[in-house]
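Chemist: Encoded as structure tokens, here's the structure I'll be asking about.
What follows is calculated from the coordinates using simple rules that are stated; it is not laboratory data. All values derive from a computational prediction rather than experimental measurement. Positions of Cβ are generated from backbone atoms using ideal geometry, with glycine treated the same way; all protein chains shown enter the neighbour counts.
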Amino acid sequence: MPPDTVEIAVLLTSELVANAVKHAPPPGDLTLALADEFVRVEVGDSSSAPPAVAEQQPRALGGRGLLLVEALAARWGWRQETQGKVVWFTVTVPSVRMAPPVRW
């Protein structure tokens, strides 16, 4: 996986985990799935409140997590669970084409 794709996935994962820790009491969970075309990350928490993209204050020190997810993820969303919710995103993994083997 290209380094910039890894960095984006790590950043967005960090933002969703930080939101879960800030807005919901434990427990929480993290699920990662890797497919040929994308990485999917799911962060579950115990709060049933839907995620909300905060209106930004220019001098605010935080509150930009979901804005980053919205800007950098290929897709994102959330679903209600019996005990809370799951917020997820996908990051596209560029296809890597290998050169054909060379015979000599």
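Chemist: Please state the relative contact order of the chain as a whole percent: Cα pairs under 8 Å, 6+ residues apart?
Modeler: This gives 31 percent for the chain.
Chemist: Could I ask something else about it? Amide H of Ala74: which non-local residues (sequence gap of 5 or more, or other chain) have their own amide H closer than 5 Å, using H built in the peptide plane?
Modeler: Close amide H contacts, sequence-distant or interchain: Thr90, Val91, Thr92.
Chemist: If I take R0 = 22 Å and measure r between the Cβ atoms of Glu70 and Thr5 in this structure, what FRET efficiency does the formula 1/(1 + (r/R0)^6) give, to the nearest 0.05?
Modeler: 0.80
Chemist: Helix 3-23 sits at what angle to the longest principal axis of the chain, using alpha carbons and giving 0 to 90 degrees rounded to 10?
Modeler: 20
Chemist: With mean projected area of the Cα convex hull in nm² defined as stated, name the option among [x] 8.1; [y] 8.6; [z] 9.3 computed from the structure displayed.
Modeler: Recomputing mean projected area of the Cα convex hull in nm² here picks out [y].
Chemist: Could you compute the longest span of the chain free of GluC sites (Glu not before Pro) located in DSSP loops and having at most 11 other Cβ atoms within 10 Å, not counting the site residues?
Modeler: Answer from the scan: 56-104.
Chemist: About the Cα centre of the chain, how large is the charge dipole given +1 on each Lys and Arg Cβ and -1 on each Asp and Glu Cβ? Please answer in debye to the nearest 20.
Modeler: The dipole magnitude comes to about 140 debye.
Chemist: Here is a further query. Using Cβ contacts closer than 10 Å as the measure, can you line up Thr31, Thr90 from fewest to most?
Modeler: Thr31, Thr90
Chemist: Tell me the trypsin sites (Lys or Arg not before Pro) within the stretch 7-89 that lie in a loop according to DSSP and have at most 15 other beta-carbon atoms within 10 Å.
Modeler: Hits after loop and neighbour filter: Arg59, Arg64.
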